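Input: a single structure, listed below in C-alpha cells.
The values are calculated or read from the model by the stated rules, or taken from the named source; none is laboratory data. Given the structure is predicted, the values throughout are model-derived calculations rather than measurements. We place every Cβ from the backbone using ideal geometry, glycine too, and count neighbours over all the protein chains shown. All accessible areas refer to the heavy atoms of the entire protein, side chains included, with ligands and DNA or RNA removed. Shrake-Rupley method; radii C 1.70, N 1.55, O 1.52, S 1.80 Å.
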Amino acid sequence: MNLTRLVYYSQRNPSEHMDVTALVETCKRTNARTNLTGFLHYNGDHFIQVVEGGRLEVSALLLRIMRDPRHSNIIIMSFGDVRERMFPDHPMGLHQGMTAQTRKAFLRYFSTAQVNPETVNVDNLLDALQDLSLEAAPTKLTISV
Ligand SMILES: Cc1cc2nc3c(=O)[nH]c(=O)nc-3n(C[C@H](O)[C@H](O)[C@H](O)COP(=O)(O)O)c2cc1C
C-alpha cells in the first residue's frame, strides 16, 4: 500500500476565530480514524502542516482543508509518495509559537529563521519540523491492520 506525504503553508484568516488547541483535538480524532499522521506548526500568523497516510485519505483531507475559512493563501509545497512516515507518533502533533527553540531548529537547517514558502527547500523544512515535533507530547496512535 502506498504512503503519501503532503506539506503545505497557509496564512491564518484574522477575521475568523482560531482556537488552535481545539483544532488539533479535532485533527487527532479524525486523523486517527483514517491512519493519518502529521505535524502542525502555527506561529500565530501562518501554518505549516505535514500530513502522511494513504493517497486517498490525504487527498480527501486536503480538499476539506482548502475549503476551511480559517486560513487562506494555501501554498502546496509538496505532495507525493514517500517510503516511510516522518511523523508516525502523532495523529497531528502541534508546535505553536516562535520561541528561541523554534528559531534554533530553523537556523539548524536554514540561513535565517524566516521560511519563505515559495522558495524553501522542503527536505530541510521537514527536518526542522521533525526536530520541533520531538518537543511535542506524543499521542498514541493505534493502526489496525
Ligand atoms: C490549518 C488547518 C489544519 C487542519 N488540519 C486538519 C487535519 O489534520 N485533520 C482534520 O480532520 N481536519 C483538519 N482541519 C480542519 C478541516 O479543515 C475541517 O474543518 C475538518 O476536517 C472538518 O471538515 P468537515 O466540516 O468538512 O467535515 C484543519 C484546518 C486548518 C485551518
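Please identify the pairs in which a residue from region 6-22 that is under 16 Å from Ile74 (Cα atoms) has its Cβ atom under 7 Å from the Cβ atom of a residue that is near the ligand (Cβ under 10 Å from one of its atoms) and polar (S, T, N, Q), counting only partners at least 6 apart or on another chain.
Final answer for the pair search is Tyr8/Gln49; Ser10/Ser72; Gln11/Ser72; Asn13/Ser72.
Taking interchain pairs and intrachain pairs at least six residues apart, which have beta carbon atoms under 9 angstrom, with the first residue in region 68-84 and farther than 14 Å from Tyr9 by Cα and the second of a type in the set (Ser, Thr, Tyr) and open to solvent by 90 Å² or more (accessible area, probe 1.4 Å)?
Pro69/Ser15
Enumerate the pairs (first residue in region 107-129 and without any contact (Cβ under 8 Å) to a residue 12 or more places away in the chain and on the phi > 0 side of the Ramachandran plot; second residue anywhere and open to solvent by less than 30 Å² (accessible area, probe 1.4 Å) and among the small types (Gly, Ala, Ser)) with beta-carbon separation below 9 Å, excluding pairs fewer than 6 apart on the same chain, so at least 6 apart or on different chains.
The qualifying pairs do not exist here.
Name the single residue, out of those in region 37-46 being closer than 15 Å to Leu23 by Cβ and open to solvent by 10 Å² or more (accessible area, probe 1.4 Å), that is nearest to the ligand (Cβ to nearest atom). Please lay out each step first, then the result.
Start the filter on region 37-46 by keeping residues that are closer than 15 Å to Leu23 by Cβ, which leaves 38-44, 46.
Within this subset, residues satisfying the condition of being open to solvent by 10 Å² or more (accessible area, probe 1.4 Å) are 42-44, 46.
Details: Tyr42: 7, Asn43: 12, Gly44: 13, His46: 9 Å.
Among those residues, the one meeting the criterion is Tyr42.
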